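Undergrad: One structure, as structure tokens, below. Some questions next.
Nothing in this text is a laboratory measurement; each read-out follows from the coordinates by a stated rule. Owing to the predicted nature of the structure, the values given are computational and were not obtained by experimental measurement. Cβ placement follows ideal geometry from the backbone for every residue including glycine, while neighbour counts extend to all protein chains displayed.
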Number of protein chains: 2
Amino acid sequence: MESGRRRPVTIADIAAATGVAVSTVSRALSRPSRVSAATRERIQAVARAMDYVPHPPARALASGRTRTVALVVSDVTNPFYFGMIRGTQQQLKAAGYAHLLIDTEDSADHEVEMLHAMRRSLDGAILGASRLPARALVALAGEIPLVTVNRNVRGVPSVVIDTPAGIAQAVEHLVSLGHRDIVYVSGPTQSWSNQARWQAMRVALERHGLGAQRVGPFPSGRGSGTAAADAVLNSGATACVAFNDLFALGMLTRLRERGVRVPADLSVVGCDDIFGADFSNPPLTTLAAPIEQAGRMAVSLLVAGLDPRAPQPQRRAVVLPTYLTVRESTGPLTS
Amino acid sequence: MESGRRRPVTIADIAAATGVAVSTVSRALSRPSRVSAATRERIQAVARAMDYVPHPPARALASGRTRTVALVVSDVTNPFYFGMIRGTQQQLKAAGYAHLLIDTEDSADHEVEMLHAMRRSLDGAILGASRLPARALVALAGEIPLVTVNRNVRGVPSVVIDTPAGIAQAVEHLVSLGHRDIVYVSGPTQSWSNQARWQAMRVALERHGLGAQRVGPFPSGRGSGTAAADAVLNSGATACVAFNDLFALGMLTRLRERGVRVPADLSVVGCDDIFGADFSNPPLTTLAAPIEQAGRMAVSLLVAGLDPRAPQPQRRAVVLPTYLTVRESTGPLTS
DNA sequence: TCCGCGGTGACAACCGTTTGCCATGTGTTG
DNA sequence: CAACACATGGCAAACGGTTGTCACCGCGGA
């Protein structure tokens, strides 16, 4: 209790107590090989006894490294990011980095501004689904080490989840169930994933001699499901692939309200396999994405690039596969 | 492009360019009232022109304040925290603080260790559902400003969601549907909320002359739902209140597997109203908790206490109400 | 005219670490 | 045994700001 407001112990205190120079203490603590085993032990013992805790800002000021990495997301609320938060958190902790969370509220301007302002206090950042135009992204990468997730721009290391490949499987699945009118429910236009998925959808349908239709774009968020469901219904399609599970889940709710049976009247496929996709009503057929793994990979890529004394030429773009997970929101047409 | 690796501009550069002392620049930027309007404008203009970005670590070293607050959760994966992450994120951003995320992996030891280690780089921390014993919590609060959520310990400011009051409503609801055998599905023993909820359950049932039963404890996580469902079934109860929605959702899945109809054979009530509770099958009756608001309040409490020139004696313990949200997982017994 | 005063800005001392450079001591080699 | 390489530890200069203290300025009042 009486330890209330005592001045925290510094390496100078340890130096005094041990009878060595502060520089030696510093080295004993942060570059142990640079000091003899005996002194090192002694210093570390004293440090422990005095309950020494390093002062990160001072360390950062002197060394230029903050041991902090930011995860930048467009909306913390989106369950898609939950997996990424978890994955990055795990890996960063393991690598001894602190995990800063930045929410850009879906604004590209926020994204650059915040990152620009914080760049001095970060060793790097992971951009989850960046909304930035390519050139801005490259420019930013010049200011601070970056790894993007689900966004591929030349010159910026990235981890992308290969949902497009999965889309082909989904289309295959729907076609084999007898569907011919399949529509894509489009997400925000600036979203790179959205573009990629729509593109994949087009070529997949084409391969079956089918035309590609789409409805939207809709703003991200489950709320969009209502409008999306209505639009799909109006389109006359018998099946749809939604930009993401949030849309799909929202649609399910709306369809139930309107008395539309899923999958008897309409099949729905989502993307990402977020939390909830497995216990919705009906459980959602979706493209399972290894989001958590993507987060971990992104961190690995980033910290690998951060260490100056490391073999640089790593692979700079990782692609993770997706698998179609068939549940109960897809089925043959029965009308 | 060619701005690649140029030395970042410092206040010294600005001072040189403006012809004033660095101290004046510092003041013009961080304590604008301390300098005349004319010089201030001039300095700020130059700073803008030179694209000056303050260096947070240096600032922190000199001032002792880091403008960073940590949110400490026991498991980032738990959807309960999503709301808190969002709430704290919003409010912290608004207050100009950075948001650090710490996952303790359900370990009280991790909790103290990490916080102890990081205390020098934090201005304060928000403890989401701390697992710490009361004395450890108080000790920690002596090291670093703390606000707890869903954990009330004398001397530590807190925000608690009054789920216990809601529990009474839930019991009322179940009793009025004709249930007499109501069981509580217990969460982790160290969880303060769990204790509080079970306690509330006991008094509520007693008021109706009913005995309180419980099953568990179960480790947190949706997976526990399986064992929990089986245990409840074996208990012979016709209704249950689960420690949280994650349990309840897990139970729903298991009950469906076993062919138990909800609510016809068993009524289920959850707590917290997390993401997914509204679209599960059936949608979950639950105690809606204003989690996001709790996060915001916690931040407000914390930053209010951080400002040295502020009216200190704020209210130090906030209680937020819950409301029973009746959906389709509860109903009269029909057998 | 002189004094005191509020407002403004400069000086310089930190804040706690890291790190380049150098002096010393020890062991190895020819 | 000389010469040299290397391991070890010390000195002191950064790193980029903040802030207490003080000197100076021009002003109004006595």
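Undergrad: Whole number please: convex hull volume per residue, Cα atoms of the protein assembly as shown, in Å³.
TA: 187
Undergrad: If contacts are Cα pairs under 8 angstrom and at least 6 residues apart, what is the relative contact order of region A:163-288 in percent?
TA: 25
Undergrad: Would you mind ranking B:Leu137, A:Leu210, A:Leu146 so that the residue whose beta carbon has the fewest other beta carbons within 10 Å leads the list?
TA: A:Leu210, B:Leu137, A:Leu146
Undergrad: Where the centroid of each part is defined by its Cα atoms, how far is region A:167-186 from region A:32-104 in Å?
TA: Each part's Cα centre sits 46 Å from the other's.
Undergrad: Could you pull the copy-to-copy label distances for A:Gln169, with points set 7 Å along Cα to Cβ, in nm to one decimal and sorted shortest first?
TA: Values, ascending and in nm: 4.3.
Undergrad: Kindly give the distances from A:Gly209 to its copy-mates, label point to label point, with each label point 7 Å from Cα along Cα→Cβ, as nm values to one decimal ordered shortest first.
TA: In nanometres, ordered from closest: 7.6.
Undergrad: So if each residue of separation counts as 0.36 nm, and I subtract the Cα-Cα distance between A:Asp51 and A:Glu172, what length gain in nm does that give?
TA: Extending this stretch completely gives an extra 37.3 nm.
Undergrad: Rounded to a whole number, what is D in µm²/s for region B:11-63 from Stokes-Einstein with the Kirkwood radius over alpha-carbon pairs (25 °C, 0.890 mPa s)?
TA: 222
Undergrad: Classify region A:73-136 from the C-alpha gyration tensor, please: rounded if a/c falls under 1.5, else prolate or oblate depending on whether a/b exceeds b/c.
TA: Since a/c reaches 1.5 but b/c is at least a/b, the shape of region A:73-136 is classed as oblate.
Undergrad: Contact order normalised by length for chain A, with contacts defined as Cα pairs under 8 Å and 6 or more residues apart; what percent is it? Show your work: numbers first, answer last.
TA: Values: 617 pairs, mean separation 56.9, N = 335.
Value for chain A: 17 percent.
Undergrad: Also, quick follow-up: Can you give me the long-range amide H partners of B:Arg214? Hydrogens built in the peptide plane at 1.01 Å from N, cutoff under 5 Å, separation of 5 or more residues or another chain.
TA: B:Tyr184
Undergrad: I've got another one for you. Based only on other Cβ atoms within 10 Å, what is the fewest-to-most ordering of A:Val185, A:Val20, B:Val22?
TA: B:Val22, A:Val20, A:Val185
Undergrad: At 1.306 mPa s and 10 °C, plugging the Kirkwood radius over alpha-carbon pairs of region A:163-288 into Stokes-Einstein gives what diffusion coefficient in µm²/s? Mind dumping the intermediate values first?
TA: Values: Rh = 13.9 Å.
The estimated diffusion coefficient comes to 114 µm²/s.
Undergrad: Three principal axis extents, largest first, for the C-alpha atoms of chain B, in Å?
TA: Over chain B, Cα extents along the principal axes are 88, 46, 34 Å.
Undergrad: Give me A:Thr10, A:Thr163 ranked fewest to most by other Cβ atoms within 10 Å of their Cβ, as a rough exposure proxy.
TA: A:Thr10, A:Thr163
Undergrad: With r defined as the distance between the Cβ atoms of B:Leu306 and B:Gln195 and R0 fixed at 22 Å, what FRET efficiency is calculated, to the nearest 0.05?
TA: 0.15
Undergrad: In nm, what does the list of distances from B:Glu113 to its counterparts in the other copies look like, shortest first, when each label sits 7 Å along Cα to Cβ?
TA: Going from nearest to farthest copy, the values are 4.0 nm.
Undergrad: Right, something else. So if R0 is 51 Å, what FRET efficiency would A:Leu333 and A:Ala108 give, r being the distance between their Cβ atoms, rounded to the nearest 0.05?
TA: E(calc), rounded to 0.05, equals 0.80.
Undergrad: Once Lys and Arg get +1 and Asp and Glu get -1 on their Cβ, which of A:Ala95, A:Val69, A:Phe82 lies farthest toward the positive end of the dipole of region A:1-143?
TA: Towards the positive end, the residue furthest out is A:Ala95.
Undergrad: Okay, next question. Test of understanding: extend the Cα→C-beta vector of A:Ala117 to 7 Å, then name every residue of region A:73-90 with backbone N under 16 Å from that spot.
TA: Of the residues in region A:73-90, A:73 have backbone N under 16 Å from the label point off A:Ala117.
Undergrad: Here is a follow-up. Taking the Cβ of A:Leu92 as the centre, find all other residues whose Cβ is under 12 Å away and add up their charges (Lys, Arg: +1; Asp, Glu: -1).
TA: Net charge around A:Leu92: +2.
Undergrad: Amide H to amide H, which residues 5 or more places from A:Arg151 or on other chains are under 5 Å from it, using H placed in the peptide plane?
TA: Residues meeting the criterion, in which the H sits 1.01 Å from N, are A:Val159.
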